[in-house]
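Each remark here refers to the structure printed beneath this line.
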Amino acid sequence: MASTTHPHAFHFDRAVDSYWEASADPLALATPPLRGEARCEVAIIGAGFTGLSAALELAEAGVDVRVLEAGHVGWGASGRNGGFACIGSHKLPYERMIATYGLDATKQYYAAMRQSVELVRDTLTRFAIDAWASGDGEVTLAHLPGRVQELKDEQAFLARTFGDKTEFLPKEELKARGLDGPGFHAGLLGATGFGIHPLNYVRGLARAAAGAGATIHGRSRLIRWEETQAGHRLHTAEGVLSARQVIVATNGYTPEDVSRRHKGRIMPALSSILVTRVLSGEERRAQGWTSPLMAYDSRKLLHYFRLLPNGRFLFGGRGGTDASDQGATDYRPVLEGAFRQLFPAWAEVEITHYWRGFVCLAYDLVPYIGPLDEKQTVWTAIAYHGNGVAMGSWSGRAVARLAMKKAARDELSPVLTRRLAMFPLPAFRPLYLKGAYVWYGWQDGR
């Protein structure tokens, strides 16, 4: 994975220069590096949505749990994403999902995605986390006239299959709702989801987990993993943590050289984000975009965007396969060009922040929650396909319950538990990704 997992993408010693880092509330929690020998019942690798949700669940049940984080809390995708708490943590079309796993399993998975959004909302309320929650629902926007009928077909399918009511918005209704742009021809509005400040949320999760009794070690990158009859020994630069069970919660930043059970089973892919200066009310009205709703377009290589509560505009997109610093520099004009094309009234608006990070894809194009060994002492929850705010939170709680034997695998949808498949010829994953981007780009222009 050399081209997509360049060493520049693993700068654990410094935070990404994101708008979230610039605007987040302080962590207000000590997370010292692991030093010397330590023991616990369950060790968690990764202090993001998944790992901290698992830690919270375990600690509240009285389990001795420690979290190892290579950087700081929320250093990875959890602190640098677009802040979309919504459904859609897969890339497998529903029709293929039903054919592969069955209708009941697909319905169970869809219900879990909806539950995941409510879990985030409940967690914010329960622990008084100020995550700038805004907007109710999300809208898919047809980026070509030919995609309008696809939205109507999707509306009928969601109602027929899941009983999910959505609202079709023709072009004139988009304008009336403050969702206007020359490249948007219709929309499909779903009621599930809201936007958040992801770094405030993940820091709030850390405080909640620590308050329940979990110990979090920042700047504690896993460098070696020993397995013995007594359990697992996790080596960092300054210490060793022994544990009976391990939960790997590192998603697109999973170190395949250390976590060998993940080797060849995930594909990190880049997602990039920019944020503008504060837009005046007049500027927002001039563009026709005044809604706080989360939005994304109907491209395969989609763009996602939303107006933040303070008047800034966030715009993100998939694409690019070079994770080096130079690759980031080269991709910035591509993303800015797409933003200014879709929102021409803001063609001269200043971009104050630009950053990127990894999302995580699985070969089966669905998330996985479950064990990685026959003894069921190593667990993972992974592969949210660029939509892990809610599903990562829900999956962390779910994998913790599995590890505690508090829940059985058959209580989860088989969509989530069947397998974490290996990519064929995994050394060629960067080429697969490049090929897919060429194919998707052609499809997006049709």
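The values are calculated or read from the model by the stated rules, or taken from the named source; none is laboratory data. Predicted, not measured: the structure shown is a model, and the values here were computed from it. Glycine gets a Cβ as well: all are built from the backbone with ideal geometry, and neighbour counts include every protein chain shown. Accessible surface is based on the protein model in full, side chains and every heavy atom, while ligands, DNA and RNA are left aside. Shrake-Rupley method; radii C 1.70, N 1.55, O 1.52, S 1.80 Å.
Restricting attention to the range 45-80, the residues being hydrophobic (A, V, I, L, M, F, W, C), more than 17 Å from Gly204 (Cβ to Cβ) and open to solvent by less than 20 Å² (accessible area, probe 1.4 Å) number 4.
Starting from the range 329-340, keep only residues that are farther than 18 Å from Gly441 by Cβ, then list their pairs with residues that are part of a helix (DSSP H, G or I) and at pLDDT 95 or above whose Cβ atoms are within a distance under 7 Å, requiring at least 6 positions of separation or different chains. That search, which allows pairs on different chains as well, returns Arg340/Trp346.
Residues satisfying the criterion are present in the range 19-39 (criterion: touching a Ser or Thr at 6+ places or on another chain (Cβ under 9 Å), assigned to a helix (DSSP H, G or I), on the phi < 0 side of the Ramachandran plot and small (Gly, Ala, Ser)). Of Gly88, Gly79, which residue is modelled with pLDDT of 95 or more, touching an Asp or Glu at 6+ places or on another chain (Cβ under 8 Å), more than 23 Å from Ala243 (Cα to Cα) and of a type in the set (Gly, Ala, Ser)? One residue alone meets the criteria, Gly79.
Scanning the range 351-364 for residues that are touching a Leu at 6+ places or on another chain (Cβ under 9 Å), β-branched (Val, Ile, Thr) and open to solvent by less than 10 Å² (accessible area, probe 1.4 Å) turns up nothing.
When the residues of the range 171-184 are narrowed to those that are open to solvent by less than 60 Å² (accessible area, probe 1.4 Å) and in a loop (DSSP other than H, G, I, E, B), which ends up farthest from Ala142 (Cα to Cα)? Filtering the range 171-184 for residues that are open to solvent by less than 60 Å² (accessible area, probe 1.4 Å) and in a loop (DSSP other than H, G, I, E, B), the one farthest from Ala142 (Cα to Cα) comes out as Gly178.
Put simply, of Gly137, Gly83 the only residue that is in contact (Cβ under 8 Å) with a residue 12 or more places away in the chain and surrounded by 19 or more Cβ atoms within 10 Å (Cβ to Cβ) is Gly83. For the range 5-44: of the residues being under 23 Å from the mean Cα position of the chain (by Cα) and buried (at least 23 other Cβ atoms within 10 Å of the Cβ), which is nearest to Thr276 (Cα to Cα)? Of everything passing the filter in the range 5-44, Trp20 is nearest to Thr276 (Cα to Cα).
All conditions in (1) touching a Cys at 6+ places or on another chain (Cβ under 9 Å); (2) open to solvent by 60 Å² or more (accessible area, probe 1.4 Å) hold for Ala390, with the sole exception of (2).
Of the numbered criteria (1) open to solvent by 20 Å² or more (accessible area, probe 1.4 Å); (2) in contact (Cβ under 8 Å) with a residue 12 or more places away in the chain, the one Ala131 fails is (1).
If you go through the range 149-170 and keep only what is part of a helix (DSSP H, G or I) and open to solvent by less than 30 Å² (accessible area, probe 1.4 Å), you end up with Leu151, Phe157, Leu158, Thr161. Within the range 280-331, the set of residues being open to solvent by 10 Å² or more (accessible area, probe 1.4 Å), among the basic types (Lys, Arg) and modelled with pLDDT of 95 or more comprises Arg284, Arg285, Arg312.
All of (1) under 30 Å from Gly146 (Cα atoms); (2) in contact (Cβ under 8 Å) with a residue 12 or more places away in the chain; (3) out of contact with any strand residue (DSSP E or B) (no Cβ under 8 Å at 6 or more places or on another chain) hold for Trp442 with one exception: (2). The residue list Ser116, Ser89 contains one member that is open to solvent by less than 20 Å² (accessible area, probe 1.4 Å), hydroxyl-bearing (Ser, Thr, Tyr) and part of a loop (DSSP other than H, G, I, E, B), which is Ser89.
Table: residues versus (1) in contact with a Leu (Cβ under 7 Å, 6 or more places away or on another chain); (2) at positive phi; (3) among the small types (Gly, Ala, Ser); (4) assigned to a strand (DSSP E or B).
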{"position": "Val42", "(1), (2), (3), (4)": "yes, no, no, yes"}
{"position": "Ala54", "(1), (2), (3), (4)": "no, no, yes, no"}
{"position": "Glu57", "(1), (2), (3), (4)": "no, no, no, no"}
{"position": "Gly62", "(1), (2), (3), (4)": "no, yes, yes, no"}
{"position": "Gly71", "(1), (2), (3), (4)": "no, no, yes, no"}
{"position": "Gly74", "(1), (2), (3), (4)": "yes, yes, yes, no"}
{"position": "Ser78", "(1), (2), (3), (4)": "no, no, yes, no"}
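When you scan the range 417-425, do you find a residue that is open to solvent by 70 Å² or more (accessible area, probe 1.4 Å) and assigned to a helix (DSSP H, G or I), even just one? The answer is no, given that none of the residues of the range 417-425 is open to solvent by 70 Å² or more (accessible area, probe 1.4 Å) and assigned to a helix (DSSP H, G or I). Cβ separations smaller than 6 Å between residues 6+ apart or across chains give the following pairs from the range 42-64 residues that are closer than 12 Å to Ile216 by Cα and among the small types (Gly, Ala, Ser) to residues that are open to solvent by 20 Å² or more (accessible area, probe 1.4 Å) and not in a helix (DSSP H, G or I): Ala43/Arg66; Gly46/Thr250; Ala59/Gly213. Selection over the range 213-271 of residues that are open to solvent by less than 10 Å² (accessible area, probe 1.4 Å), part of a loop (DSSP other than H, G, I, E, B) and farther than 25 Å from Ala30 by Cα gives a count of 2.
Any residue at all in the range 389-408 that's of a type in the set (Gly, Ala, Ser), closer than 26 Å to Thr276 by Cβ and either outside any helix (DSSP H, G or I) or under 21 Å from the mean Cα position of the chain (by Cα) (or both)? Yes; the residues of the range 389-408 include at least one that is of a type in the set (Gly, Ala, Ser), closer than 26 Å to Thr276 by Cβ and either outside any helix (DSSP H, G or I) or under 21 Å from the mean Cα position of the chain (by Cα) (or both). One residue stands out in the range 365-386 among those that are of a type in the set (Val, Ile, Thr) and part of a loop (DSSP other than H, G, I, E, B): the one that is nearest to Arg261 (Cα to Cα), namely Thr377.
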